[in-house]
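The values are calculated or read from the model by the stated rules, or taken from the named source; none is laboratory data. Every value quoted in this text rests on a predicted model; they were computed, and no experiment measured them. In this analysis, Cβ positions are derived from the backbone assuming ideal geometry, glycine residues included, and neighbour counts consider all displayed protein chains.
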Amino acid sequence: MESVLSKYENQITIFADYLEEFPDTDELVWILGKQHLLKTEKSKLLSDISARLWFTYRRKFSPIGGTGPSSDAGWGCMLRCGQMMLAQALICRHLGRDWNWEKQKEQPKEYQRILQCFLDRKDCCYSIHQMAQMGVGEGKSIGEWFGPNTVAQVLKKLALFDEWNSLAVYVSMDNTVVIEDIKKMCCVLPSSADTVGESPPGTLNASNQSRGTFACCPAWKPLLLIVPLRLGINQINPVYVDAFKVSHPVSQAQSAARPSHRHVSTEIREQQSTSELRILHSLSL
């Protein structure tokens, strides 16, 4: 664990040096739904980045399935991206988007429990073991590379068995989001009243007061909405840039991958004068 933390802190140091060399500008930087002014808030920006969980290739864990691989190097990249995306959602769910990790400070119990969900052990709900084995049902052999959509489907299935986090995962198909399906997924019915939930959003309450199903909904599961889509081949197609900017306030990451090459983008700088997006920070595996 110490070697992993040391490697992560080294990446943060490199990024801090990069920020120092970055020119002073009045441009805004978005980090997972949070806006920073680059010219005056470099320290806050760095603190925000350092609070994100980073999962990468591992080796010498117990063989997956008992006789399978004991390392995910070369094939587990997108699985790790999915873990990072989900971990960010769980931090927002339990600790809030404004929570930041601080060195030399005892972390909340919820944070420790979130970390345990992703340990490389078969009994952890979002471990590489669970994800790889759940992928078999999606047509992927253990040790085979997963695409973004497959990872999304695997997370959706695993979330059904995760009572503590009580998070609904909805995966958009063909770039379509069906609001009624989301309502049914997130509404915790009386028969499962012991499931942890939150109050339904006010907008949904108001629009459904005439409908018995949702007007009586006692609790509401937080939602992770995943939209798998292709924005380009080697780079983002300029046609999508303006629409992509609309996603800046969303507090989750954008993941992209192809075999042996993948990124989770947490930070985007927007050029005010052009239709250009510059990725300032991405976690590579």
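Brief remarks follow.
- For segment 43-81, residues that are in contact (Cβ under 8 Å) with a residue 24 or more places away in the chain and closer than 14 Å to H129 by Cβ total 13.
Residues checked against (1) in contact with a helix residue (DSSP H, G or I) (Cβ under 7 Å, 6 or more places away or on another chain); (2) not acidic (D, E):
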| position | (1), (2) |
| --- | --- |
| E110 | yes, no |
| L119 | no, yes |
| C124 | yes, yes |
| I128 | yes, yes |
| A132 | yes, yes |
| V151 | yes, yes |
| V154 | yes, yes |
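- Boolean, V154 is in the same structural domain as W54 (by TED's automatic domain parsing), at pLDDT 95 or above and surrounded by 19 or more Cβ atoms within 10 Å (Cβ to Cβ): yes
- Subset of segment 132-165 (residues that are in contact (Cβ under 8 Å) with a residue 40 or more places away in the chain, outside any helix (DSSP H, G or I) and closer than 20 Å to R113 by Cα): D162, W164, N165
- In segment 235-252, residue modelled with the highest pLDDT [restricted to those that are assigned to a loop (DSSP other than H, G, I, E, B) and under 16 Å from L225 (Cβ atoms)]: V246
- For segment 166-187, the candidate set comprises residues that are free of Cβ contacts under 8 Å to residues at least 24 places away in the same chain and in a strand (DSSP E or B); within that set, the residue that is farthest from W75 (Cα to Cα) is T176.
The rows are residues; the columns are (1) touching a strand residue (DSSP E or B) at 6+ places or on another chain (Cβ under 8 Å); (2) among the small types (G, A, S); (3) farther than 15 Å from R52 by Cβ; (4) modelled with pLDDT of 95 or more.
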residue	(1), (2), (3), (4)
C81	yes, no, no, no
L86	yes, no, no, yes
L90	no, no, no, yes
N100	no, no, no, no
P108	no, no, yes, no
C117	no, no, yes, yes
Y126	no, no, yes, yes
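- Of all the numbered requirements in (1) at pLDDT below 95; (2) within 25 Å of G66 (Cα to Cα), Q130 misses one, and that requirement is (1).
- Counted residues, segment 95-139 - those being more than 18 Å from M85 (Cβ to Cβ) and either crowded, with 19+ Cβ neighbours inside 10 Å or among the hydrophobic types (A, V, I, L, M, F, W, C) (or both): 2
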